[in-house]
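Here is the structure we will look at.
The values are calculated or read from the model by the stated rules, or taken from the named source; none is laboratory data. Nothing here was measured: the structure is a model prediction, and the numbers come from that model. Don't worry about glycine lacking a Cβ; one is built from the backbone with ideal geometry, like all the others, and counts go over all protein chains shown. Ligands, DNA and RNA are stripped out before the accessible areas are found, and what is left, the full protein with its side chains, is counted by its heavy atoms. Shrake-Rupley method; radii C 1.70, N 1.55, O 1.52, S 1.80 Å.
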Amino acid sequence: MQMNFNRKLPIPMDVKMEYPVTESMEQIKNERDKAIRSVFEGSLDKFILVIGPCSADHREPVLEYISRLKRVEEQVSDKIIIIPRIYTNKPRTTGQGYKGMLHQPDPEAKPDMYKGIVAIRELHLSALRDYGFSCADEMLYPENYRYLSDLLSYVAVGARSVENQQHRLVASGVEAPVGMKNPTGGDMSVMMNSIVAAQSSHTFIYRGWEVTSEGNPYAHAILRGYLDYSGRSISNYHYEDLLYVKDLYEKSNLVNPSVIVDTNHNNSGKKYLEQVRIAKDIVHSRNQNPDIKRLVKGLMIESYIEDGACKAEEHIFGKSITDPCLGWEKTERLILDIADKL
């Protein structure tokens, strides 16, 4: 087996003890968790925005972006719950080179997994301690989730992971709401099956333990568009698509039927500026149909300080090094527009 074992890494419990959540931070997170769960249960009429850079590449620009989100949140908190995206495991699509902050806390340096574990925990801690935000992360690697399990208020399972049994099983034991994306091929039955699995109880092996999960009643759908057989982007955020997912939920025995719509990826054809139009279109659909309003709980938006994405070897503060993102001025205007239209 061609694999070198470099060093033993600390277990999550040890990292949590060294970099702890304080009592006041825990209280803030508990209050946010309660509100977010209430939205998914349908008992709180607020709209969720999971918003932030495609990949959390550097600590300083990510925190600068979150400080700006905080100022906007103060204007819209009566209608919107903002959950910043701090995606610390997010690689480039091919998996070549940069694999996210967990692997490379410095994208220009060699991978260092121990420094990465510390860096992602400190970043999420800073968001909670300094700005009152418990955040979202993508569960790219189920084994790594425990390093952040006491800090996350939202977890996403990506389009390429949603068919993986280990992701489904671990999602069933996560306390936070977990969004299951439709797969890149667009088969909605795959997404719905993943939600069934995540809402169910399981016994399985996790981090060397036999564990039993209780099932996650807040597991739900994320619509992100898909690719057809010829590689063309097909969107699935339209009025008719949302009604179709509503029908799928009605045929299931799932609790808390919910959809978060991803405004980028194949829904936008990776044309990041289209996110503004798409977001407003979805809010319009909610306003036209009470069933859609009950179903669609929020949006997922890729946004950063600067428009677009860096070119190869380019390094610009607050500009994505992975997928292109909506810049701050357009983001702020969009959040305020959404609040006005809700």
message = I want to confirm something. Restricting to region 78-98 and keeping residues that are at pLDDT below 90 and open to solvent by 70 Å² or more (accessible area, probe 1.4 Å), which single residue is farthest from Val155 (Cα to Cα)?
response = Gln96
Qualifying residue in region 43-51 (condition: out of contact with any helix residue (DSSP H, G or I) (no Cβ under 7 Å at 6 or more places or on another chain), assigned to a loop (DSSP other than H, G, I, E, B) and without any contact (Cβ under 8 Å) to a residue 60 or more places away in the chain) = yes
request  = Check off (1) open to solvent by 50 Å² or more (accessible area, probe 1.4 Å); (2) acidic (Asp, Glu); (3) assigned to a loop (DSSP other than H, G, I, E, B) for Asp57 and give me the number that stays unchecked.
outcome  = (1)
query = Has region 163-174 got any residue that is under 21 Å from Ile234 (Cα atoms) and open to solvent by 10 Å² or more (accessible area, probe 1.4 Å)?
reply = yes
request  = Please give the number of the condition Ser153 fails out of (1) of a type in the set (S, T, N, Q); (2) open to solvent by 10 Å² or more (accessible area, probe 1.4 Å); (3) in contact with a strand residue (DSSP E or B) (Cβ under 9 Å, 6 or more places away or on another chain).
outcome  = (2)
inquiry  = Give me the residue from region 99-118 that is open to solvent by less than 10 Å² (accessible area, probe 1.4 Å) and touching a Pro at 6+ places or on another chain (Cβ under 7 Å) and, out of that set, farthest from Pro12 (Cα to Cα).
reply    = Gly100
query = Which is among the charged types (D, E, K, R), open to solvent by less than 30 Å² (accessible area, probe 1.4 Å), in contact with a helix residue (DSSP H, G or I) (Cβ under 7 Å, 6 or more places away or on another chain) and farther than 21 Å from Gln166 by Cα, of Arg121, Arg129?
reply = Arg121
query = Out of all the residues in region 248-277, which are in a helix (DSSP H, G or I) and either charged (D, E, K, R) or within 18 Å of the chain's Cα centre (by Cα) (or both)?
reply = Glu250, His265, Asn266, Asn267, Ser268, Glu274, Gln275, Arg277
request  = Kindly indicate whether Met17 is open to solvent by 30 Å² or more (accessible area, probe 1.4 Å) and assigned to a helix (DSSP H, G or I).
outcome  = yes
ask   = Is region 181-199 home to any residue that is over 17 Å from Asn89 (Cα atoms), outside any helix (DSSP H, G or I) and open to solvent by less than 10 Å² (accessible area, probe 1.4 Å)?
value = yes
task = Output yes when any residue across region 285-305 is of a type in the set (Phe, Trp, Tyr) and open to solvent by 10 Å² or more (accessible area, probe 1.4 Å), and no when none is.
result = no
request  = Take region 204-250 and flag every residue that is of a type in the set (Phe, Trp, Tyr), open to solvent by less than 40 Å² (accessible area, probe 1.4 Å) and under 20 Å from Ser285 (Cα atoms).
outcome  = Tyr237, Tyr249
task = Report, by residue number, each residue of region 299-342 that is β-branched (Val, Ile, Thr) and under 22 Å from the mean Cα position of the chain (by Cα).
result = Ile301, Ile305, Ile321, Thr322, Thr331, Ile335, Ile338
key: Top-ranked residue of region 141-150 - restricted to ones that are of a type outside the set (Lys, Arg) and in a helix (DSSP H, G or I), ranked as surrounded by the most Cβ atoms within 10 Å (Cβ to Cβ)   = Tyr147
